[in-house]
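The values are calculated or read from the model by the stated rules, or taken from the named source; none is laboratory data. This is a predicted model, so every value here is computed, not measured. Neighbour counts are summed over all protein chains in view; Cβ atoms, including those assigned to glycine, are modelled from backbone coordinates with ideal geometry.
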């Protein structure tokens, strides 16, 4: 089977090898390992060096706010069409983008279109108070893409529900495939050794966060919870791994609260180095805000694969995942007291923390590796092709 992977994401701060940027490469690599041909079409400069053998076509663009997406959408139609002269795809797999040209591309190539829905962009832009015209365009294009594609892959049950409630997409047209991780890269490591390699205090106590620095990550809640935690454990340090638009705001809040000695900003860390930072911690946090939106955050799977217990906000989009994922201690969102108490509990009860971490690692190994996700994706592609042949 030959699959064309189409992806467009842009963030001027976050490295392209992190989070959702990385997912399409991991899936493509696993599909190739499983014997299929994959061609990726991605914006220039976003190719990941860890995957040198993957066949990728880089799309040139002008880095201007309005022109950039329009040009990339146009070229993500034209360039795959030209490549199809040499190799015709059996399937076109696309991460959600606001381009109606993907449907046209699939029609011209006579190839089924499978769309991955990895977030609710309409809700995001509405929260950002985007104009009614922009919201209307997003909704119209999403409706057209979902109406005329062959299959939709939401990455959470919340997104699956959204597809039905907002766009009337029947459940039988969707297949839930959650995010995953690389359990060979993200694996349990001795915390003292990790700390020593990073120049941290080997005897210190560290609580970790890894991710893009956006408001919805809820680090403000962690900052509010920190004083009570520090009073109980004066030597605790909060390790914030990543970067983004909220870094300066969070740093200023930390300074005003007199907590600068308790928080460490590492900056952006290359993806292969992230497990070392997770390994340096006793536990990790995901204190998402209530308006986080629907998603299946990669960080949760990475934390769990490293055998670290996780304290996470029980926001509505994640309740199903949290009810099934072993290794996660849920707390009410935007509740600093509850977050602080759970962190203190796990720092006090190291045996409970160890058991939670072991359970999380086992849960990931059972069904949430990238290879397992790729196998589920390939089954969807095969089903779609069989339907086309009938």
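Key figures for this structure:
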{"item": "Options 72, 91, 103; residue that is in the same structural domain as residue 45 (by TED's automatic domain parsing), over 20 Å from the mean Cα position of the chain (by Cα), at pLDDT 95 or above and over 24 Å from residue 290 (Cα atoms)", "result": "91"}
{"item": "Filter pass, residue 272 being touching a residue at least 24 places away in the same chain (Cβ under 8 Å), exposed (fewer than 13 other Cβ atoms within 10 Å of the Cβ) and in the same structural domain as residue 198 (by TED's automatic domain parsing)", "result": "yes"}
{"item": "Count of region 125-143 residues which are exposed (fewer than 14 other Cβ atoms within 10 Å of the Cβ) and touching a residue at least 40 places away in the same chain (Cβ under 8 Å)", "result": "1"}
{"item": "Checking residue 62 against (1) within 16 Å of residue 3 (Cα to Cα); (2) outside any helix (DSSP H, G or I); (3) without any contact (Cβ under 8 Å) to a residue 24 or more places away in the chain, the condition it does not meet", "result": "(1)"}
{"item": "Test: residue in region 51-67 that is modelled with pLDDT of 85 or more, within 27 Å of residue 146 (Cβ to Cβ) and under 17 Å from the mean Cα position of the chain (by Cα)", "result": "no"}
{"item": "Region 168-197, residues that are surrounded by fewer than 17 Cβ atoms within 10 Å (Cβ to Cβ) and assigned to a helix (DSSP H, G or I)", "result": "171, 172, 173, 192, 193, 196, 197"}
{"item": "Helices (runs of 4 or more DSSP H) contained entirely in region 313-390, each with at least 3 residues that are over 21 Å from the mean Cα position of the chain (by Cα) and buried (at least 21 other Cβ atoms within 10 Å of the Cβ)", "result": "336-348"}
{"item": "Top-ranked residue of region 288-312 - restricted to ones that are within 15 Å of the chain's Cα centre (by Cα), within 17 Å of residue 241 (Cα to Cα) and part of a loop (DSSP other than H, G, I, E, B), ranked as modelled with the highest pLDDT", "result": "288"}
{"item": "Output for region 117-142, where each listed residue is farther than 20 Å from residue 9 by Cβ and part of a loop (DSSP other than H, G, I, E, B)", "result": "129, 131"}
{"item": "Qualifying position, being outside the structural domain of residue 274 (by TED's automatic domain parsing) and closer than 15 Å to residue 377 by Cβ, among 58, 50, 9, 26", "result": "26"}
{"item": "Residues satisfying the stated conditions in region 242-264, i.e. within 26 Å of the chain's Cα centre (by Cα) and closer than 18 Å to residue 202 by Cα", "result": "263, 264"}
{"item": "Residue within region 1-18 that is more than 22 Å from residue 100 (Cα to Cα), at pLDDT 95 or above and in a helix (DSSP H, G or I) present", "result": "no"}
{"item": "Qualifying residue in region 234-247 (condition: in contact with a helix residue (DSSP H, G or I) (Cβ under 8 Å, 6 or more places away or on another chain), assigned to a helix (DSSP H, G or I) and farther than 21 Å from residue 127 by Cβ)", "result": "no"}
{"item": "Residue match in region 290-303 (condition: closer than 24 Å to residue 174 by Cβ, touching a residue at least 60 places away in the same chain (Cβ under 8 Å) and surrounded by fewer than 19 Cβ atoms within 10 Å (Cβ to Cβ))", "result": "yes"}
{"item": "Pairs where the first residue, in region 1-17, is within 25 Å of residue 84 (Cβ to Cβ) and the second is assigned to a loop (DSSP other than H, G, I, E, B) and at pLDDT 95 or above, C-beta under 7 Å, 6+ apart", "result": "1/36; 1/90; 2/89; 2/90; 3/36; 3/89; 3/90; 4/89"}
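Residue-by-condition table, conditions (1) within 19 Å of residue 138 (Cβ to Cβ); (2) part of a helix (DSSP H, G or I); (3) without any contact (Cβ under 8 Å) to a residue 60 or more places away in the chain:
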site: 42; (1), (2), (3): no, no, yes
site: 45; (1), (2), (3): no, no, yes
site: 51; (1), (2), (3): no, no, yes
site: 56; (1), (2), (3): no, no, yes
site: 81; (1), (2), (3): no, yes, yes
site: 115; (1), (2), (3): yes, no, yes
